[in-house]
Amino acid sequence: MEKKWWHNAVVYQIYPRSFMDSNGDGIGDINGIISKLDYLQQLGINLIWLSPVYRSPMDDNGYDISDYEDIAAEFGTMAQMESLIAQAKQRDIHILMDLVVNHTSDEHPWFIEALKSKDNPYRDFYIWRKPAADGGPPNDFHSYFGGSGWAFDEASGEYYLHQFSVRQPDLNWENPRVHAEVHAMMNRWLAKGIGGFRMDVIDLIGKEVDAQKMANGKNLHALIRQMNRATFGKGDAVTVGEAWSATPADALLYSGVEREELSMVFQFDHIKQFWDEHAGKWRSKPFELASFKAVIEKWQTALAHQGWNSLFWSNHDLPRAVSKFGDEGEFRVASAKMLATALHCLKGTPYIYQGEEIGMTNVRYETIDEYRDIESLNLYQERLAEGVSHEEMMQGIHANGRDNARTPMQWDDSPNAGFTTGTPWITVNPNYREINVAAALAEPDSILWHYQKLVALRKQYPVLVYGDFQPVLREHPQVFAWLRALDSERLLVINNFTAEHLTLDIPHQMQNWHGECLISNYAPRDRLAVSIELQPYESFALLIGR
Ligand code: NOJ
């Protein structure tokens with residue numbers, strides 16, 4: 001496999017609204033991020049995926065962009081953004097901008113023009129259809145944020161498509177002028193010295209609207225290749241596409257080296273498998289290790305020699321990692337470290353979502369009024385109207401709602417967790433007095449220092465980056481273990497995914513293996529014996545034979 005500079009890199013995701021507020025308006029901002037660059041440098045990360053900071057009416061917290069080349073006033077100015085890029089670079093950190101080009105805001109000048117008349121030159125930047133025979137929407141396509149995916153424009157008597165909110169009209173990627181505009185905009189960002197792009201719902205841009213085939217449409221890969229050639233393909237940018245529809249075969253198309261498309265994609269099999277078939281994320285299935293193992297193994301194997309995996313447990317749309325896959329109670333620290341070890345010891349590029357490095361947890365607001373996320377709010381109303389109970393929806397929101405990940409970053413134990421001197425736009429998680437960065441920095445055994453160590457290990461040991469993934473103890477119901485092998489080096493990774501004490505029988509061929517313990521969340525282990533007693537959520541990585 002051709003080596004790339006970013007193969008051993010670790011990415012940190014910042015959700016700007018919730019990261020650090022520098023001016024007391026209750027909303028995180030760019031200067032707040034700049035003030036925390038030393039913290040990120042100390043953590044050792046190399047790339048920041050910056051969720052959108054562009055000008056936006058904030059219907060979907062910035063994923064509705066009204067100007068791709070200006071900064072939202074509440075986040076700062078373009079001069080501050082350029083300063084962030086430069087100051088990060090001084091610390092060897094590169095910025096991945098969030099490229100949201102499946103849709104714009106309804107306040108984008110292109111859409112404002114498009115609304116003016118059917119023959120406006122920008123009309124075809126969006127997707128318009130005549131009403132159905134009964135005057136209703138052209139078809140029954142449903143928006144991800146509730147209701148029809150078609151909105152009626154009285155003036156022209158036509159409907160426009162919006163896969164997300166009614167204020168996020170979908171761009172028409174069958175129009176070459178859209179390509180030209182987007183490519184030029186991307187090139188101007190690259191010229192500012194950014195490190196690349198995270199591409200929002202990129203699997204939707206090739207949509208075949210009338211066939212209602214939104215994801216993975218027939219033009220998708222041609223469009224991405226064209227984008228690659230016209231923009232980032234010339235340099236060594238990092239690109240990661242969000243692709244909820246991706247199968248391993250698709251991921252090979254997106255990220256295969258010869259394909260000239262993207263560096264890697266985010267796939268969500270390990271997330272979706274714990275959603276209900278009908279109610280989706282609003283009704284969770286209990287975590288089950290066997291299927292989790294099977295999914296991770298499937299992806300590790302499929303992309304072993306071609307393509308590249310992205311590794312993540314959480315992001316701004318998902319619950320907190322420790323709440324979802326670990327234990328947010330008694331074993332919060334142990335399980336957060338175990339999850340960190342598992343993530344960094346798989347093959348691919350790890351992504352740390354802000355706050356994960358201190359073991360931040362889900363939040364449980366008691367009333368719906370405290371929630372801010374358009375998806376939770378819309379779906380709450382829609383499902384209640386369909387007869388779902390308040391209790392069931394609140395349970396769904398508590399488990400999987402997006403605001404779990406959007407509570408302010410917990411910096412210290414001062415009011416509002418040191419995030420703002422004003423009133424935060426969303427209530428701080430009340431556990432900030434215990435869980436915060438200041439406390440983590442002061443505690444040598446904290447989750448934070450565990451992450452820092454893992455990030456450093458990936459720089460030091462090529463086996464962690466390029467070693468083949470080989471499952472061991474495959475049938476074990478409580479332990480997830482694997483070997484990484486590169487040339488003569490072998491790294492054994494063992495994770496107890498439960499709160500139980502376990503006696504683990506070591507497979508015959510591994511008995512008495514010994515070596516250097518690279519990382520552990522209890523006392524380090526340097527030898528395997530015939531069986532070992534694992535503590536709750538114990539995990540360790542052993543470099544064999546050193
Ligand atoms: C995916 C983003 O991650 C999410 O936050 C957003 O709401 C949708 N795409 C629409 O842009």
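I need the full set of residues from segment 454-478 which are part of a strand (DSSP E or B) and touching a Phe, Trp or Tyr at 6+ places or on another chain (Cβ under 7 Å), in order please. Before you say what the answer is, go through the steps one by one.
The initial filter retains those residues of segment 454-478 that are part of a strand (DSSP E or B), namely 468-472.
Listed by number, the residues that qualify are Phe469, Gln470, Pro471, Val472.
Residues of segment 392-432 being away from the ligand (no atom under 16 Å from the Cβ), within 19 Å of Tyr15 (Cα to Cα) and acidic (Asp, Glu), which ones?
Asp412, the sole residue that qualifies.
Could you run through segment 164-198 and say how many residues are within 16 Å of the ligand (Cβ to nearest atom) and not in a strand (DSSP E or B)? It would help to see each step written out before you state the result.
So in segment 164-198, the residues within 16 Å of the ligand (Cβ to nearest atom) come out as 164-171, 173, 182, 197-198.
Subsequent filtering for residues that are not in a strand (DSSP E or B) retains 164-169, 173, 182.
Result for segment 164-198: 8.
Under 6 Å by Cβ, and 6 or more places apart or on different chains, what pairs join a residue from segment 312-325 that is closer than 12 Å to Tyr15 by Cβ with one that is away from the ligand (no atom under 12 Å from the Cβ) and of a type in the set (S, T, N, Q)?
Every condition considered, no pair remains.
In the set Met409, Met393, which member is out of contact with any Ser or Thr (no Cβ under 7 Å at 6 or more places or on another chain), of a type in the set (A, V, I, L, M) and modelled with pLDDT of 95 or more?
Unique residue meeting the criteria: Met393.
Out of Ser291, Ser255, report the one residue that is of a type in the set (Ser, Thr, Tyr) and in contact (Cβ under 8 Å) with a residue 24 or more places away in the chain.
Ser255
Hey, any hits in segment 533-543 for a residue that's out of contact with any His (no Cβ under 7 Å at 6 or more places or on another chain) and loosely packed, with under 14 Cβ neighbours inside 10 Å?
no
How many residues are charged (D, E, K, R), free of Cβ contacts under 8 Å to residues at least 24 places away in the same chain and in a helix (DSSP H, G or I) when one looks only at segment 106-133?
3
Within segment 52-94, restricting attention to residues that are within 15 Å of the ligand (Cβ to nearest atom) and of a type in the set (S, T, N, Q), which residue is surrounded by the most Cβ atoms within 10 Å (Cβ to Cβ)?
Residue satisfying both the conditions and the ranking: Ser56.
Is there any pair linking a residue in segment 164-176 that is in contact (Cβ under 8 Å) with a residue 24 or more places away in the chain to one that is of a type in the set (A, V, I, L, M) and assigned to a loop (DSSP other than H, G, I, E, B), with Cβ under 6 Å and at least six apart or on different chains, and which?
Filtered contacts from segment 164-176: Asp170/Ile127; Asn172/Ile127; Trp173/Ile205.
Can you find even one residue in segment 73-88 that is touching a residue at least 24 places away in the same chain (Cβ under 8 Å) and in a strand (DSSP E or B)?
Within segment 73-88 (the criterion being touching a residue at least 24 places away in the same chain (Cβ under 8 Å) and in a strand (DSSP E or B)), the answer is no, since none of the residues qualifies.
Of everything in segment 287-335 that's farther than 21 Å from Gly401 by Cβ and among the charged types (D, E, K, R), which residue is nearest to the ligand (Cβ to nearest atom)?
For segment 287-335, the residue satisfying everything is Lys298.
(1) in a loop (DSSP other than H, G, I, E, B); (2) of a type in the set (Gly, Ala, Ser); (3) under 17 Å from Leu483 (Cβ atoms): which one isn't true of Ala541, the others all being true?
That leaves (1) as the condition not met.
Just to be sure before I move on: is Asn495 at positive phi and either surrounded by 16 or more Cβ atoms within 10 Å (Cβ to Cβ) or assigned to a loop (DSSP other than H, G, I, E, B) (or both) in the structure I sent?
Here the answer is no, as Asn495 does not meet what is asked.
In segment 142-163, which residues are within 16 Å of the ligand (Cβ to nearest atom) and assigned to a loop (DSSP other than H, G, I, E, B)?
Selection gives Ser143, Tyr144, Phe145, Gly146, Gly147, Gly149, His162, Gln163.
For segment 413-440, which positions are crowded, with 17+ Cβ neighbours inside 10 Å and either of a type in the set (Phe, Trp, Tyr) or within 25 Å of Glu330 (Cβ to Cβ) (or both)?
Ala417, Phe419, Trp425, Val428, Asn429, Asn431, Tyr432, Ile435, Asn436, Val437, Ala439, Ala440
Looking only at segment 25-35, which residues are away from the ligand (no atom under 16 Å from the Cβ) and in contact (Cβ under 8 Å) with a residue 40 or more places away in the chain?
The first filter runs over segment 25-35 and keeps only residues away from the ligand (no atom under 16 Å from the Cβ), leaving 25-27, 29-35.
Asp25, Gly26, Ile27, Asp29, Ile30, Asn31, Ile33, Ile34 - these are the residues of segment 25-35 that are away from the ligand (no atom under 16 Å from the Cβ) and in contact (Cβ under 8 Å) with a residue 40 or more places away in the chain.
Test Pro350 against the stated conditions and say whether it is in contact with a helix residue (DSSP H, G or I) (Cβ under 9 Å, 6 or more places away or on another chain) and closer than 24 Å to Ser263 by Cβ. Don't jump to the end; show me each part of the working.
On the way: in contact with a helix residue (DSSP H, G or I) (Cβ under 9 Å, 6 or more places away or on another chain): yes; closer than 24 Å to Ser263 by Cβ: yes.
Yes: the conditions hold for Pro350.
The values are calculated or read from the model by the stated rules, or taken from the named source; none is laboratory data. Predicted model, so just to flag it, every value in this text is computed and none were measured. Don't worry about glycine lacking a Cβ; one is built from the backbone with ideal geometry, like all the others, and counts go over all protein chains shown.
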